[in-house]
Amino acid sequence: MTKAQTDVLPESMLEAMPEARPDATQGQADAAQFIELDRLSKSYGDNHVLEELSTSVARNEFVTLVGTSGCGKSTFLKILLGIETSTSGQLRIEGVPVHPEPSPDRGIVFQRYSVFPHLNVRQNVALGREFDRTRIFGRQFGAARRETLAEADHWLEAVGLIASAEKYPHELSGGMQQRLALAQALLKQPQVLLLDEPFGALDPGIRKDMYELVLRLWSGHKLTVFMVTHDLSEGFYLGTRLWVFDKIRHDPHAPQLYGSTITYDLPVHVADSERQRIADEVAEQQHEAGEVDEVGKEEHAHA
Amino acid sequence: MSRRWVNAHPGRALKVALGLLPFACLLLLYQVQSDARKAENPNDKLLPSFTEMQAAIDRMAFTPSKRTGEYLMWRDTSSSLTRLVTGIAIAALLGLTFGLLAAALPMADAFSMPLVTAISLIPPMAVLPILFIVFGLGELSKVVLIVVGIAPFIIREIYLRTKEIPVEQLIKAQTLGANSAQVVARVLLPQVAPRLIGAVRLSLGAAWLFLIAAEAIASTDGLGYRIFLVRRYLSMDVILPYVVWITLLAFLLDRGLIILSRRFFPWYHTND
């Protein structure tokens, strides 16, 4: 709708922003406008956190958000998730202002507490489907339940957790809990996947495996990902686009007077070869998995 | 070699021995004092000997009453436990319903918690006369006293424990498509269940207090009724075993609740 968004940006911000859009998305007006930020601002009383964010994101982008603590990157994620509302401006998904409540089109993985401690791994994943298929109590029985559990197993295989399907979250390592949180979110096939410092509490070795998994899932399921991280190299490694949140104006006597904005919007190409390798692998696996699925359906029909 | 006392942990056997020692000391002290009084006055009733207490237990628990043909101690026990368990069950159900809904729904919170806070400040014993007037002197008023006494505590406890559940889980459930009822039924309720058992355990002491108070004032049977009745005859030989019995029952109820909680909610007891 607002094509000339850049017109309304302050001069200084334009200078700070290098050539914004990656080339690949140009010429696809629809795709480029999947998510639009239109002069999005957020303040708590006199404390201005975000100031006039205007940009747009295409489908299947992997946007990483970095910046110092308190720079507003998490606040932006919360607005996108629907647990905070902007003070002014708009955030639109496919042209529709974002619903100010969490909903299944936006999946989330938090740093901690994303999984349900009272359910085992399989039940944790199945819960998302049970919510769809029931009205009040969110619990399925009999054949319907078995079908849902089988679907859950499919996603547990995708994140490499099938061997732990009967375990409870407290029996899992931090990395496995995050895999579970991803499987839960993916079962809903969200349009947008939000990751709030998902690997912040993990060991470096585990983190590497998780990067591979996330890239695999992102590539295999054509997700649009927003990931908040405090680790710049992680942001460069995973993202197709890196946003740096910072304040462009600063009053030393009133540090809360001005909010942050996106000071850098970098198309990232650093890990392209790696990404291509994973994308190829995924394509190959999907090919194989497709055949397996066919067989699975036949078995189901017999049952 | 010389370890600090703050780091000196007893071994298993020593731990049991240390735990039993104060009990043994108390029993010994009682025995010595009882003997001393008996030596001065063989009819002393204040510190009866263990033999006298045993005779009293035999009379109360294993000999049919001359008047009614009942075994009084068992009858007292069953009457008291029925009142206690009924009162606690009603209070737990109220506590779960109101505490959970107030914690889950901001509207219910605003509507009910000020009232609950106000009610919880009323000393329950002060309303006992009202209960007797309204509900009569029968079973109902005793059960209601227990409910009035502990329900506000359980409501507030459940409310606080529910609020402790990380908000991330509630958000996650919504991104998985849960409506309000499903959040309550699948995310909050199952996680609050073990916390309810915890809240009931904490309120057991108060429940016994209200039970015995109600029985002491208006009743025709019950453990509290009996000890207040025989007080008139200075029957320490009955009162002391009854107190030990009540303590044992309280202990068994508490243990039973822990076992229940560990059995059905193993994921909740990961740190003990």
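Between A:Ala150 and B:Asn179, the C-beta separation translates, for a Förster distance of 25 Å, into a calculated FRET efficiency of about 0.55.
Size check on segment A:21-144: the Cα extents along the three principal axes, sorted descending, read 51, 40, 25 Å. Among the residues of B:26-39, the average count of other protein chain beta-carbon atoms within 10 Å of the residue beta-carbon is 0.
Apply the a/c threshold of 1.5 to the C-alpha gyration tensor of chain B and tell me whether it is rounded, prolate or oblate. Oblate, since a/c reaches 1.5 and b/c is not below a/b. Once the convex hull of all Cα atoms in segment B:226-272 is built, its volume per residue stands at 73 Å³. Element breakdown for chain B at a 1.4 angstrom probe: carbon and sulfur atoms account for 69% of the accessible area. In vacuum, with every alpha carbon of segment A:212-269 counted as one equal point scatterer, what does the Debye formula give for log10 I(q)/I(0) at q = 0.25 Å⁻¹? Two decimals, please. For segment A:212-269 at q = 0.25 Å⁻¹, log10 I(q)/I(0) is -1.04. Between A:Glu212 and B:Val85, the simple spin-label model (points 7 angstrom out along Cα→Cβ) gives 5.8 nm.
If you wrap the protein assembly as shown in the convex hull of its Cα atoms and look at it from every side, the mean projected area works out to 41.6 nm². All Cα-Cα separations within segment B:134-272 were binned at 10 Å from zero, giving a P(r) of 10, 28, 28, 18, 10, 4, 1, each value a whole percent of the pairs. Tell me: how much accessible area in total is hidden between B and A, 1.4 Å probe, Å², nearest 100? The B and A chains share an interface burying roughly 2400 Å².
With the whole protein complex present, A:Asp132 retains an accessible surface near 80 Å², based on a 1.4 Å probe. Rounded, prolate or oblate, given the Cα gyration tensor of segment A:104-176, with a/c below 1.5 counting as rounded? Here segment A:104-176 falls in the prolate category.
Residues in segment A:55-71 carry Karplus couplings, in order, of 6, 9, 10, 8, 4, 6, 7, 10, 9, 9, 10, 10, x, 5, 5, x, 8 Hz; the curve used is 6.51 cos²θ - 1.76 cosθ + 1.60 with θ = phi - 60°, and Gly or Pro positions show x. Per-residue SASA remark: A:His221, around 70 Å² accessible (1.4 Å probe; ligands, DNA and RNA not included).
Shown here are the Rg and Dmax of the Cα trace of segment B:76-218, at 17.0, 56 Å. The mean number of Cβ atoms from other chains found within 10 Å of a Cβ in peptide A:180-187 is 1, as a whole number. When nucleic acids and ligands are ignored and a 1.4 Å probe is applied, B:Val32 ends up with an accessible area of around 80 Å².
With a simple spin-label model that places each label point 7 Å from the Cα along the Cα-to-Cβ direction, the separation between B:Ser49 and A:Glu171 comes to 5.9 nm.
DSSP beta bridges fully contained in the protein assembly as shown are about 50 percent antiparallel. Here segment A:212-270 and segment B:34-80 have alpha carbon centers that stand 79 Å from each other.
Subtracting the Cα-Cα distance of B:Thr63 and B:Thr220 from 0.36 nm times their residue separation leaves 54.6 nm of extension gain.
Backbone amide hydrogens, once placed in the peptide plane, bring A:Ile108 within less than 5 Å of A:Leu194, excluding anything fewer than 5 places away on its chain. Simple rule: put +1 on each Lys or Arg Cβ and -1 on each Asp or Glu Cβ in the protein assembly as shown, find the dipole, and look at A:Asn124, B:Ile122, B:Tyr268; the Cα lying farthest toward the positive end is B:Ile122.
Couplings 3J(HN,Hα) for segment B:186-192, derived from phi with the Karplus relation 6.51 cos²θ - 1.76 cosθ + 1.60 (θ = phi - 60°), are 9, 9, 7, 4, x, 7, 7 Hz, where x marks Gly and Pro. Here's how it looks for A:Tyr264: its modeled amide H is under 5 Å from those of A:Val244, which are all 5 or more places away or on a different chain. Shown in residue order for segment A:160-174 are the 3J(HN,Hα) couplings computed by the Karplus curve 6.51 cos²θ - 1.76 cosθ + 1.60 at θ = phi - 60°: x, 10, 4, 5, 10, 4, 8, 7, 9, x, 5, 8, 9, 6, x Hz (x for Gly and Pro).
Entry comment: accessible area of the protein assembly as shown is 53 Å² per residue, from protein heavy atoms only and a probe of 1.4 Å. Electrostatic tally near A:Arg139: other residues with Cβ closer than 9 Å to its Cβ, Lys and Arg +1, Asp and Glu -1, net +1. Note on B:Ala39/B:Phe251: beta-carbon distance plugged into 1/(1 + (r/R0)^6) with R0 of 45 Å gives a FRET efficiency of 0.85.
A:Cys71 sits among other residues whose Cβ lies under 11 Å from its own Cβ, and their net charge, with Lys and Arg +1 and Asp and Glu -1, is +1. Loop-located chymotrypsin sites (Phe, Trp or Tyr not before Pro) in segment B:55-89 (DSSP state other than H, G, I, E, B) with a sparse environment of at most 11 neighbouring Cβ atoms within 10 Å: B:Phe62.
Largest to smallest in accessible area, the residues A:Ser41, A:Ser233, A:Ser173 fall in the order A:Ser233, A:Ser173, A:Ser41 (1.4 Å probe, all protein chains included). Shown for segment B:165-196: residues covered by the partner protein chains by 50 Å² or more of accessible area relative to the chain by itself (probe radius 1.4 Å), namely B:Glu168, B:Gln169, B:Ile171, B:Lys172, B:Gln174, B:Thr175, B:Leu176, B:Gln182, B:Arg186.
The modelled label-to-label distance for the pair A:Arg39/B:Leu29, using points 7 Å beyond Cα in the direction of Cβ, is 8.0 nm. Determine the distance separating the Cα centre of segment A:135-170 from the Cα centre of segment B:175-223; give it in Å without decimals. Their Cα centres are 31 Å away from one another.
The values are calculated or read from the model by the stated rules, or taken from the named source; none is laboratory data. Just so it is clear, the model here is predicted, and its values are computed rather than measured. Here Cβ is always computed from backbone atoms with ideal geometry, including for glycine, and neighbour counts include all displayed protein chains. Accessible surface is based on the protein model in full, side chains and every heavy atom, while ligands, DNA and RNA are left aside. Shrake-Rupley method; radii C 1.70, N 1.55, O 1.52, S 1.80 Å.
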